[in-house]
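Below is a structure I'd like to ask you about.
Quick note: the coordinates plus some simple rules give every number you see, no bench work behind them. All of these numbers come straight from a predicted model, not from anything done at the bench. So basically every Cβ, Gly included, is an ideal-geometry build from the backbone, and we count neighbours across all protein chains shown.
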Amino acid sequence: MPDALRADVRALGEALGQVLREYGGQALLDDVEHLRELVIASHHEDQTVADDAATQAERLVDSWPLERCEEVARAFTVYFHLVNAAEEYHRIRALRAGDSGDTRASGATAQAIAEISAKAGEDEVGALLAGLEFRPVLTAHPTEARRRAIVNAIRNVAQLLERRDDPRLGTSEAAETHRLMLESVDVLWRTAPLRAERPGPLDEVRTAMSAFDDVLFHVVPQVYRRANAALGDDAEVRAPRVPAFVRLGSWIGGDRDGNPNVTSSITRQAMAIQSDHVLDALESACARVGRGLTLDASTTPPSPEVSRMLTDAEASQPELYADLAARSPNEPHRIALLYAAARVAATKRRDADLAYEGASELLEELRTVQASLVQAGAARQAYGELQSLVWQVESFGFHLAELEVRQHSAVHRAALQEIEAGGELSERTQEVLATIRVMAQIQARFGADACRRYVVSFTQSAEDVATVYTLVRHALDGRAMALDVVPLFETGADLEASVSVLEGVLELPQVQARLDETDRRYEVMLGYSDSAKDVGPVSATLKLYDAQARLAEWAARNKITLTMFHGRGGALGRGGGPANRAVLAQAPGSVDGRFKLTEQGEVIFARYGNRAIARRHIEQVTSAVLLASTPNVEERARDAAVEFAELAATLDAAAKDAYHALVRSEGFPEWFARVTPLEEVGALPLGSRPARRGLTVSSLDDLRAIPWVFSWAQTRANLPGWFGLGTGLAAVGDLDLLRRARDTWPLFTVMLENAEMSLAKTDRRIAAQYLALGNRPELTEMILAEHALTTEWVLNVTEHSRLLEDRRVLSRAVALRNPYVDALSYLQVRALRTLRSGEDGAVDEHRVRQLLQISVNGVAAGLQNTG
């Protein structure tokens with residue numbers, strides 16, 4: 001461990017120890033330390049020593065009363081929160097240390113631009129930048145197990161770590177920082193770890209807004225500027241060549257598939273909340289930039305266009321103008337920006353006399369001011385902070401993020417049948433129509449781009465797309481509305497049928513009309529979560545790749561600019577993993593300068609909770625999009641896919657058979673619910689959406705992928721991230737062929753890397769305790785045998801002596817965390833065993849469930865990418 005990180009972890013650990021001693025006495029700290037020492041020893045190289053320590057740890061946990069179990073579970077959970085804060089700050093520290101070169105063109109995007117320019121020339125770079133798009137879509141899936149109060153407490157600790165790191169601190173300042181650190185850790189310990197009530201959709205909207213307010217609004221223009229710096233030493237005094245290529249989307253308050261809590265009223269309110277936040281940010285930015293433009297008219301005369309703007313302002317709002325002019329004498333550009341700030345504020349409060357009609361009107365005024373500054377010779381001011389403001393308006397508009405609506409195709413079919421049958425409409429059908437009307441209302445107020453996409457879950461035919469257009473006609477009585485119906489292909493069968501479905505979609509007159517309006521641009525969505533649950537992680541990966549390749553060919557054949565929307569989760573079993581690596585592993589032609597994906601649950605705060613980390617993430621994805629779109633990278637990917645087609649077919653068939661042999665075993669759904677905390681996770685107040693689509697545990701088909709993956713992570717089996725890969729690799733059998741694929745086929749490389757990480761976070765011994773709760777030894781043996789086989793083959797193919805051998809930082813983090821996660825697992829197994837034994841009446845069932853829920857939070861914090 002790096003010395004600086006080790007010092008931070010030690011300081012936080014000592015602070016937690018002091019807090020525990022003050023709260024529960026030395027006995028509490030001793031119990032925590034005793035369990036900590038045993039779980040560390042349980043990973044000893046000597047298997048006899050390890051087994052003995054594991055047995056002692058289990059006995060120790062069983063010997064404690066429930067109250068002590070709960071306190072110890074909370075202690076380890078708080079420890080993980082503190083370690084996570086220390087590791088995040090160390091990443092920031094490392095990023096700053098790495099940003100110490102002799103060039104201002106730093107960052108992954110700038111490096112990619114320089115690399116492409118050197119190989120292909122500036123024309124190639126210009127063409128790529130012109131069509132560049134990165135569209136992260138925030139979603140509210142309940143994988144963020146922490147309360148907002150806990151997140152805020154952790155953030156306070158992280159800020160104190162940074163303050164503690166300041167070499168300028170004097171002795172008294174250092175002592176004060178230490179005092180504040182103890183106070184913050186004490187607050188974290190004393191804050192209830194569980195929400196009292198399940199959050200509503202609007203709570204989720206407001207939570208996501210903090211990522212925008214604190215991070216994204218500020219970081220996005222920094223990303224553009226750093227990329228633009230790679231295009232020449234004079235980039236800061238000429239018009240930028242990098243366009244505003246980031247566009248936020250959101251499903252929070254718009255995704256109603258299986259969530260009855262999301263209504264048309266919620267969608268309307270969600271957009272209002274978004275708009276308030278971006279208008280507040282833009283008002284503040286306009287005022288800040290304006291206050292800095294203290295350029296006298298004698299040195300920087302306004303252009304005739306700016307003079308005309310000010311004359312119009314004085315005529316329209318004489319009192320406001322007089323006040324601004326008095327505070328900014330002979331500073332016309334400053335007055336113009338401060339007046340713009342006042343107009344943005346009026347737009348928020350809907351003051352028709354002063355408000356902007358839309359973001360484009362503000363953008364036009366800013367560009368007019370910018371052109372005036374350039375004309376007056378003040379290019380540095382024109383393309384400085386004012387340009388950042390221009391980029392912010394271009395990126396976020398007055399709506400912040402495009403609010404997308406999603407609903408299940410079966411709901412649409414049922415609604416249309418009711419309408420065509422006549423008679424009274426059900427509440428659900430009325431809600432479908434009301435949602436469409438709200439979309440039209442949002443467009444009328446905020447512009448067409450604010451809410452135009454309608455995602456259809458489980459699209460299985462062109463008729464599923466046509467139905468939405470028919471419903472729009474009924475809802476709006478023939479009135480027009482901008483609408484992009486996005487088919488979502490989720491299961492293995494749906495992915496295979498995607499191109500044939502789109503052939504039918506292409507014949508719909510509404511789609512043809514939209515293609516003509518949008519220069520033949522179209523969008524489809526690919527579901528990673530349900531496809532992996534349906535056919536297993538290996539086959540889902542290969543089917544998604546094949547679907548992307550065929551869709552790219554279909555788009556080229558029909559001269560369509562196709563955007564593929566990747567419905568990825570945070571966990572490996574739901575398409576998670578490093579996003580930049582995933583981009584480079586896409587099928588040739590499927591990226592083409594555009595990348596859109598869902599950012600779900602805990603991923604939002606992991607990637608967008610800190611400015612330095614968010615900037616790095618966006619730059620890494622953007623650089624991967626640029627590189628993946630170059631002809632030489634696409635050609636290499638195309639050649640590799642052809643060379644390893646037979647390998648892929650063998651891998652696919654064998655892995656899928658192994659996976660289906662497990663999940664289609666008789667009684668598997670009931671067994672799964674017994675050996676994992678599935679039902680208990682579903683009862684946790686994590687998010688507004690239910691864990692099921694309304695059916696019983698007797699079927700996995702309607703179990704959402706999130707609790708499926710989340711529950712397996714809690715058992716330490718992590719099955720959705722690797723099961724079937726070992727059987728698939730063994731079926732191929734040819735190590736030389738597999739190693740060649742590892743070196744030359746990006747998709748296969750990423751598949752191995754993700755499986756290796758998932759295996760490293762798996763603990764056979766702990767997992768076996770969970771699996772034993774189901775009293776199905778044959779299923780337990782099937783899982784453990786596949787785990788052993790997968791580990792063996794992954795190590796053979798990667799030529800590693802241990803998992804994650806070539807990823808030092810990740811390997812260290814996993815190795816250090818796993819023993820501490822074990823402690824929480826022992827506590828969780830005790831709670832589960834009690835609940836599954838039928839002896840609930842003999843114990844305090846409420847307390848047992850409380851222990852279980854706290855341990856779920858702790859394991860999630862320890863493993864990090866759980867959902």
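When only alpha-carbon atoms count, how far does segment 782-867 stretch along each of its three principal axes, as whole angstroms with the largest first?
Cα extents, longest axis first: 53, 30, 21 Å.
Determine the relative contact order of segment 455-538: mean sequence separation of Cα pairs under 8 Å and six or more apart, normalised by residue count, in whole percent.
Rounded, it is 37 percent for segment 455-538.
Do you know the relative contact order of segment 725-831, to the nearest whole percent, from alpha carbon pairs under 8 angstrom that are 6+ apart?
Dividing the mean separation by the residue count of segment 725-831 yields 37 percent.
Could you work out how far helix 746-760 tilts from the main Cα principal axis of the chain, as a 0 to 90 degree angle to the nearest 10?
50 degrees
Output the 0 to 90 degree angle, nearest 10, between the alpha-carbon long axis of helix 318-327 and the longest principal axis computed from the alpha carbons of the chain.
Approximately 80 degrees, to the nearest ten.
Positive end of the charge dipole of the chain (Lys, Arg +1 and Asp, Glu -1 on Cβ, about the Cα centre): tell me which of Q375, L747, P65 has its Cα farthest that way.
Farthest along the dipole direction, towards plus: Q375.
Just want to confirm a number: the relative contact order over segment 632-806, from Cα pairs under 8 angstrom separated by 6+ residues, in percent.
28 percent
At q = 0.09, 0.12, 0.16 Å⁻¹, what base-10 log of I(q)/I(0) does the Debye formula yield for segment 632-806 when every alpha carbon is treated as an equal point scatterer in vacuo?
Taking Cα atoms of segment 632-806 as identical point scatterers yields -0.36, -0.62, -0.98.
Loop only by DSSP, 14 or fewer other Cβ within 10 Å of the Cβ. Give me the GluC sites (Glu not before Pro) in segment 506-574 that pass, ordered by residue number.
Answer by residue number: E507.
So how strong a dipole does the chain carry about its Cα centre when Lys and Arg Cβ are +1 and Asp and Glu Cβ are -1, to the nearest 20 debye?
Once rounded to the nearest 20, the dipole reads 900 debye.
Under a cut-off of 12 Å between alpha-carbon atoms, report the aspartates and glutamates in cross-link reach of K533, not counting same-chain residues fewer than 8 places apart.
Here the aspartates and glutamates satisfying the reach criterion relative to K533 are E490, D701, D702.
So, one more: Given R₀ = 25 Å, what would the calculated FRET efficiency be for A192 paired with T48, taking r from the Cβ atoms and rounding to 0.05?
Between A192 and T48 the formula returns 0.05.
Additional query: For segment 209-255 and segment 711-775, what is the separation of their Cα centres, given in Å?
37 Å
Separation between the R10 and D657 pseudo-spin-labels, each 7 Å from Cα along Cα→Cβ, expressed in nm?
Distance between label points: 5.6 nm.
Contour minus end-to-end for E357 and D233, with contour as 0.36 nm per residue of separation and end-to-end as the Cα-Cα distance?
Taking 0.36 nm per residue and subtracting the Cα distance, the gain is 40.8 nm.
Given a Förster distance of 22 angstrom, what is the FRET efficiency for N632 paired with R557, based on the Cβ-Cβ distance and rounded to 0.05?
E between N632 and R557, to the nearest 0.05, is 0.45.
Taking the mean number of other Cβ atoms within 10 Å as a proxy for protection, how do you rank 462-472, 70-80 from highest to lowest?
Per-residue mean Cβ counts within 10 Å order the peptides as 70-80, 462-472.
So, in nm, how far is label R764 from label E507 when the simple model puts each one 7 Å beyond its Cα toward the Cβ?
5.5 nm
Here's a follow-up. Considering the dipole of the chain built from charges on the beta carbon (Lys and Arg +1, Asp and Glu -1) around the Cα centre, which of V797, G589, F710 is farthest to its positive end?
Checking the options against the dipole of the chain, the answer is F710.
Now a separate question. Going by alpha carbons, how many degrees (0 to 90, nearest 10) lie between the helix axis of 148-164 and the longest principal axis of the chain?
Between helix and principal axis, roughly 80 degrees.
Follow-up question, since we're still on this one. For K559, which lysines qualify as cross-link partners when the Cα separation must be under 30 Å and same-chain residues fewer than eight apart are set aside?
Partners within reach: K119, K543, K596.
Quick one: Cα centre-to-centre distance for segment 372-400 and segment 107-167, in angstrom?
After rounding, the separation between the Cα centres reads 22 Å.
Note the direction-averaged projected area, equal to a quarter of the hull surface, for the Cα convex hull of the chain, in nm².
Seen from a random direction, the Cα hull of the chain projects 39.3 nm² on average.
Sort 348-355, 300-307, 272-279 for me by packing, meaning the mean count of neighbouring Cβ atoms within 10 Å per residue, highest on top.
Packing proxy ranking, top to bottom: 272-279, 300-307, 348-355.
Return the calculated 222 nm mean residue ellipticity for the chain, to the nearest 500 deg cm²/dmol, obtained by summing -39500 (n - 2.57) across DSSP H runs with n ≥ 4 and dividing by the residue count.
-21500 deg cm²/dmol
Something else now. If you put +1 on each Lys and Arg Cβ and -1 on each Asp and Glu Cβ, how big is the dipole of segment 214-346 around its Cα centre, in Debye rounded to 20?
The calculation lands at about 300 debye.
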